[in-house]
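Remarks on the structure that follows.
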Amino acid sequence: MVQEQPFREVIDVPTPSQLIDTAFRRSSRISVKVPAKRDKLLVAKLKEEMRVRAVASTITDKLRRIKNSMPMVDSLHPFYRDLFYLVVDVDRFKVALFRTSKASKIVENLYREYRSRIRRVGSTLEAARARREFYGRVASVLRELEGDLKVLSEVKKLRRLPSIDFEVPTIIVSGAPNVGKSSFVKCVSTAQPEVAEYPFTTKRIEVGHVMGQRGILAQVVDTPGLLDRPLEERNNIERQAIVALKNLEGGIAFLIDPTETCGFPLSYQVNVLQSVSETFKDKPMVVALTKMDIASKEHVERALERLEGYRVFLCDTLKCEGTKEVVEELLRKVKKCAGRS
């Protein structure tokens, strides 16, 4: 199933004060052009009615737009749903949507009540007093939404997530920092990678596509900061994000720098490999040594010794040598696993 990024249409959510200021400012610009001989009370009633209508329509329109821009959580793909749960308290979110919708209806009812009252007043002072009372009650309704609007405003963080095609396999590129993961993504992706940020890290992720004669063969995801250290070193937020990655069909390309110029010793990188293997034990995995342009024979032999039991590929992510073979082997494994299920 192809699912478009479901948070892209989420709009910015203002604070109650911002919404009140916007509505009242629009109302203050209302003017009534009538012949000079018109009854002053009639003009005053018309003006105050137009003001309360402007406030009511501004607020109800904005609240409806906020509600309509929010995703239907239960219909989300598990990948996006888990990331949503990571950022937003789903129970508070549903309560906030309900209260926002209810507030919109309350403002509509207040408008109808005060429109009728303004039409019945006997003086310009009473008309102005009714309008000010309406303003006060509307402001009170919105201030009670402060916590709810704050909850809804959190959803906009998810707009930065990339679009994922759930009909093609996903290759998750893993390994310690600076082993060549981003370069690998660019080597195997003929399309320009989509660069975005997860809402729980300042580090970017890249999503590229492996293209074949008949279209997209796979999408490749680089997740820096998530799968670059052992599980026990990750915080709760990162662990939950990894749960989301488990929902992507496909496999893992694990890269190791045998030269250790990435800044991490080989032993540490192997520990990360073992942690990722355990975390994603149901996913096919291919292990590759990078930086073959500077790796010595001793570097490679020492790494292969530590990786006994794994079939290991050799590649140079700077020159894009050997990277295609890694993807082909991984896709073969993914297809084989899919055939058994």
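The values are calculated or read from the model by the stated rules, or taken from the named source; none is laboratory data. The structure displayed is predicted, hence computed values, not measured ones. Note that each Cβ is placed from the backbone with ideal geometry, even for glycine, and that neighbours are counted across all protein chains shown.
Observations on the model:
- Test: residue in the range 263-273 that is within 18 Å of VAL188 (Cα to Cα) and β-branched (Val, Ile, Thr): no
- Single match in ARG65, ARG99, ARG92 (criterion: touching a Leu at 6+ places or on another chain (Cβ under 7 Å) and modelled with pLDDT of 95 or more): ARG99
- Residue within the range 23-43 that is at pLDDT below 90 and either in contact with a Leu (Cβ under 6 Å, 6 or more places away or on another chain) or not assigned by TED's automatic domain parsing to the domain that holds SER116 (or both) present: yes
- Residue ID - nearest to ILE20 (Cα to Cα), chosen from residues in the range 74-105 that are of a type in the set (Val, Ile, Thr) and surrounded by fewer than 17 Cβ atoms within 10 Å (Cβ to Cβ): VAL95
- Helices (runs of 4 or more DSSP H) contained in the range 90-194 and holding at least 2 residues over 21 Å from the mean Cα position of the chain (by Cα), of a type in the set (A, V, I, L, M, F, W, C) and not assigned by TED's automatic domain parsing to the domain that holds CYS320: 90-120, 124-143
- Qualifying positions in the range 302-341 - exposed (fewer than 12 other Cβ atoms within 10 Å of the Cβ) and either closer than 22 Å to TYR268 by Cα or among the hydrophobic types (A, V, I, L, M, F, W, C) (or both): GLU305, GLU308, GLY309, ARG311
- Filtered residue count, the range 276-328, keeping only those that are modelled with pLDDT under 90 and among the polar types (S, T, N, Q): 2
- Any pair with Cβ under 7 angstrom, 6 or more apart, that starts in the range 135-157 at a residue that is more than 21 Å from ILE118 (Cβ to Cβ) and ends at one that is of a type in the set (Lys, Arg) and part of a helix (DSSP H, G or I): LEU145/ARG99; ASP148/ARG99; VAL151/ARG92
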